[in-house]
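Colleague: The structure follows.
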Amino acid sequence: MGSYNYLGFAAADEYCTPRVVSSLQKCGWTTCSSRLDGGTSEVHEELESLVARYLKKPAALSWGMGFATNTTVLPSLLGKGCLVVSNQLNHRSIVSGVKLSGAKVKVFDHNDMKNLENILRDAIVQGQPRTGMPWKKIMIVIEGIYSMEGDMPLLQKIVELKKKYNCYLYLDEAHSIGALGKTGRGLCEHLGVNFEDVDILMGTFTKSFGSCGGYIASSMEVIEYLRYSSPGFLYATSLSMPAAQQIISSMKVIAGEDGTTRGQTKITQLKDNANFLRNKLKEAGCAVLGSHDSPVIPIMIFHPAKIPAISRECYKYGIAIVTVGFPATPLLLARARLCISAAHSREDLEYACNVLIDATQKCSMRYKS
Ligand SMILES: Cc1ncc(COP(=O)(O)O)c(C=O)c1O
């Protein structure tokens, strides 16, 4: 229960695996080349047009690593004279990308819309430090599901603010793509927000698609600009072709383009599984964080000494969970984080639930009972 295999595509799949194997036989493991040299194949082109179509954007581009997508795209889009308004709990790859960009950063409190609006208003009224010149660009950067909280941003409100203050919006959907929305298209679909209202959709293929790499889907202009300016695209070996084929195949299953309803079933199963376990743990009195429908379920541990205790107690019965403490969380906000998969059967979840309920009892973690 510790990995991000949301839709179960990390295991062999009747549609994906034969296609990946045949891609491996035809193309080999790697291009041994960066995208602008010899590293662009038909598979990469097919992947990028599929991602663009799936996310209702004019164009998309792929990177060999999700982390490097953020760290090498944000510095291409931002620089001196730009302001980034970043959620307090954004992933390390965003923090690193923003730092590398040289832009000024203001952090807003997690999902606090009042605080976000105050920062935007002050930034526009005051302009750049010392000179008071207007900011060249203001970009709000958020995630689709926060991986340590399991919750979602208030996207409708953020879009409203972005329009009111004329800013750009960058949404990292590492955990929400595939997992949220009726057809897995992520947070916009889940909340009924127009895809056009998010300027830059970023995501990774490492969670719901059972592969590796990252993407940006945006306007034609942004994508063409990134093609010639993102160092992670220009100077890094391109995505392995079998890995790209795995993404294409799993995305087609999710979108129902394989001619079956397996993708739909997986998405429904993931939600049912997540809500089942979340409700059971809440009923047992655990302090559970996160939104309904979110496959990320953090259980608060609080006390640092209980971190190894709960982990070992679960592991003893074959349940692997991720525990997180300082410095990844504040000292007294340690937590265990469960990630639910569509591949978990109801029996798996009932067994895990019993182990977790016993373990949280032994570790005195039923703070809400
Ligand atoms: C929000 C977010 N962005 C980016 C990444 C990096 O993606 P990858 O692990 O695919 O390199 C992660 C990884 O978990 C993440 O949670």
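Colleague: State which residue is farthest from Asp197 (Cα to Cα) when the search covers only region 78-91 and only residues that are in contact with a Ser or Thr (Cβ under 8 Å, 6 or more places away or on another chain) and away from the ligand (no atom under 16 Å from the Cβ).
Modeller: Step one: list which residues in region 78-91 are in contact with a Ser or Thr (Cβ under 8 Å, 6 or more places away or on another chain), which gives 78-79, 82, 84, 91.
Now narrow it down to the ones that are away from the ligand (no atom under 16 Å from the Cβ): 78-79, 82.
Working: Leu78: 19, Gly79: 23, Cys82: 20 Å.
Going through the qualifying residues, I end up with Gly79.
Colleague: From the list Ser23, Ser62, pick out the single residue that is at pLDDT 95 or above, crowded, with 20+ Cβ neighbours inside 10 Å and more than 16 Å from the ligand (Cβ to nearest atom).
Modeller: Ser23
Colleague: Condition first: outside any strand (DSSP E or B), of a type in the set (A, V, I, L, M) and within 30 Å of Arg278 (Cβ to Cβ). Now tell me which residues in region 129-151 satisfy that.
Modeller: Pass one, region 129-151, residues outside any strand (DSSP E or B): 129-136, 144-151.
Going one step further and asking which of them are of a type in the set (A, V, I, L, M), we end up with 133, 145, 148.
Hits for region 129-151 are Ile145, Met148.
Colleague: Only one of (1) away from the ligand (no atom under 16 Å from the Cβ); (2) under 30 Å from Ala12 (Cβ atoms) is not met by Gly144, so which one is it?
Modeller: Exception for Gly144: condition (1).
Colleague: Which one is most open to solvent (accessible area, probe 1.4 Å) among residues in region 270-317 that are in a helix (DSSP H, G or I) and among the polar types (S, T, N, Q)?
Modeller: Applying the filter and picking the extreme gives Asn279.
Colleague: Any chance you could count how many residues in region 112-136 are in contact (Cβ under 8 Å) with a residue 24 or more places away in the chain and open to solvent by less than 60 Å² (accessible area, probe 1.4 Å)?
Modeller: Qualifying residue count for the region: 8.
Colleague: Let me ask you something else. Suppose the filter is in contact (Cβ under 8 Å) with a residue 40 or more places away in the chain, more than 30 Å from Ala336 (Cα to Cα) and either in contact with an Asp or Glu (Cβ under 9 Å, 6 or more places away or on another chain) or of a type in the set (D, E, K, R) (or both); does Ala59 pass it?
Modeller: Yes: the conditions hold for Ala59.
Colleague: Starting from residues that are open to solvent by 10 Å² or more (accessible area, probe 1.4 Å) and at pLDDT 95 or above, keep the ones in region 144-155 and report whichever is farthest from Arg337 (Cα to Cα).
Modeller: Leu154
Colleague: Could you run through region 337-348 and say how many residues are buried (at least 20 other Cβ atoms within 10 Å of the Cβ), of a type in the set (A, V, I, L, M) and out of contact with any Pro (no Cβ under 7 Å at 6 or more places or on another chain)?
Modeller: So in region 337-348, the residues buried (at least 20 other Cβ atoms within 10 Å of the Cβ) come out as 337-342, 344.
Checking the rest, the ones that are also of a type in the set (A, V, I, L, M) come to 338, 340, 342.
So of that shortlist, the ones also out of contact with any Pro (no Cβ under 7 Å at 6 or more places or on another chain) come out as 338, 342.
The total comes to 2.
Colleague: Pick out the one residue from Met65, Met133 that is among the hydrophobic types (A, V, I, L, M, F, W, C) and either touching a helix residue (DSSP H, G or I) at 6+ places or on another chain (Cβ under 6 Å) or under 30 Å from His44 (Cα atoms) (or both). So that I can check it myself, show each step before the final result.
Modeller: Values: Met133 fails: either touching a helix residue (DSSP H, G or I) at 6+ places or on another chain (Cβ under 6 Å) or under 30 Å from His44 (Cα atoms) (or both).
Being among the hydrophobic types (A, V, I, L, M, F, W, C) and either touching a helix residue (DSSP H, G or I) at 6+ places or on another chain (Cβ under 6 Å) or under 30 Å from His44 (Cα atoms) (or both) holds for just one of Met65, Met133, which is Met65.
The values are calculated or read from the model by the stated rules, or taken from the named source; none is laboratory data. Keep in mind that this is a model prediction, so the values were computed, not measured. In this analysis, Cβ positions are derived from the backbone assuming ideal geometry, glycine residues included, and neighbour counts consider all displayed protein chains. To get the accessible areas, we keep the full protein, side chains included, count just its heavy atoms, and leave off ligands, DNA and RNA. Shrake-Rupley method; radii C 1.70, N 1.55, O 1.52, S 1.80 Å.
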